[in-house]
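Okay, handing you the structure first.
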Amino acid sequence: CGAKNGDKFVYRADENDEFEANEDYYWQLCTTRGLDEATTRMCARFRAYEDSKRRSIEGNIRDLNNQIADIKANIMSQGQRLNDINNTIASVEKQIKGIEIEIKTIETNIDDITNQIIEREQKIEELNDGIKTRMVALQSTMSLNTYISFIMGANSFVDLLRRVNAINQFTSYDVSKIKQMEEEKVLLQKDKEELQAQKDEQVKKRAELEAYKQDLNVL
């Protein structure tokens, strides 16, 4: 599975070959925000492929280290082994490039979420200030001691209905604003959780990048 066809995936058995042939695409895709469930599962398999490839590379490095003494003693007859080393170096360099792409995308995600959090916090603050202002106004005109006086002070039945309706509309407006503010708080918490997840992924990818660079130095 996993072959690209426009924005769709055409599934086939040899998924690792698909990942191998299109690593740049998957590095970019799998650090993109808001993926659907199917793409998220596919990215989990790509992560497993990355981990498997890293283990394979590390295995190659260990094998090559074991061969270094022989290579030094038999340099002229070790053409294939040298090719193996060069191929492993090229593979490590490609992985480094891919991780750098992922880190750059994650950094963009962090900036976007941070700005979104700032905007949402400002919106919550504005809603909260508005609600407080209206509550002060309500308390000044509709205190517990004056509420009945306000209603009963109507000079006609029409005036009474107007006053009751005004109170109901006022209360309905506030309930709507409070509900809106609570919804924004829920979204704000989700944004903060996503921001932390992106930061955790950034730390992981930077550690992985450093490990690959050390591998490259060994090679």
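Rule-based calculations on the coordinates, nothing more; no lab input. This structure is a prediction, so every number in the text was calculated from the model and none was measured. All Cβ positions, even for glycine, are placed from backbone atoms using ideal geometry, and neighbour counts span all protein chains on display.
Once phi is turned into ³J(HN,Hα) by the Karplus curve 6.51 cos²θ - 1.76 cosθ + 1.60 with θ = phi - 60°, what whole-Hz value does each residue of the stretch 17-31 show in order, with x for glycine and proline?
Here the 3J(HN,Hα) series is 5, 4, 4, 4, 7, 9, 4, 4, 4, 6, 4, 5, 4, 7, 10 Hz.
Another question, if that's okay. Using alpha carbon coordinates only, what is the Rg to Rh ratio of the stretch 93-138, with Rh defined as the Kirkwood radius?
Numbers: Rg = 19.9 Å, Rh = 13.4 Å.
Using only Cα positions, Rg/Rh for the stretch 93-138 is 1.49.
By how many nm would the segment from SER176 to ALA197 grow when fully extended, if each residue of separation counts as 0.36 nm and the alpha-carbon distance is taken off? Walk me through the intermediate numbers first.
Working: separation 21, 0.36 × 21 = 7.56 nm, distance 3.19 nm.
Net length gain for the segment: 4.4 nm.
Let me ask another. Once you compute Rg and the Kirkwood Rh from C-alpha atoms, what is the Rg to Rh ratio for the stretch 26-82? Mind showing how you got there, number by number?
Working: Rg = 18.6 Å, Rh = 14.1 Å.
Value, to two decimals: 1.32.
What is the magnitude of the charge dipole of the stretch 68-129 about its Cα centre, with +1 placed on the Cβ of each Lys and Arg, -1 on the Cβ of each Asp and Glu, and no other charges, expressed in debye to the nearest 20? Show your work: numbers first, answer last.
On the way: 7 positive and 13 negative charges, 166 e Å.
Charge dipole, the stretch 68-129, about its Cα centre: 800 debye, nearest 20.
When the Karplus curve 6.51 cos²θ - 1.76 cosθ + 1.60 is applied with θ = phi - 60°, which whole-Hz ³J(HN,Hα) does each residue of the stretch 177-184 get, with x for Gly and Pro?
Per residue, the Karplus-derived 3J(HN,Hα) values read 5, 5, 4, 4, 5, 5, 5, 5 Hz.
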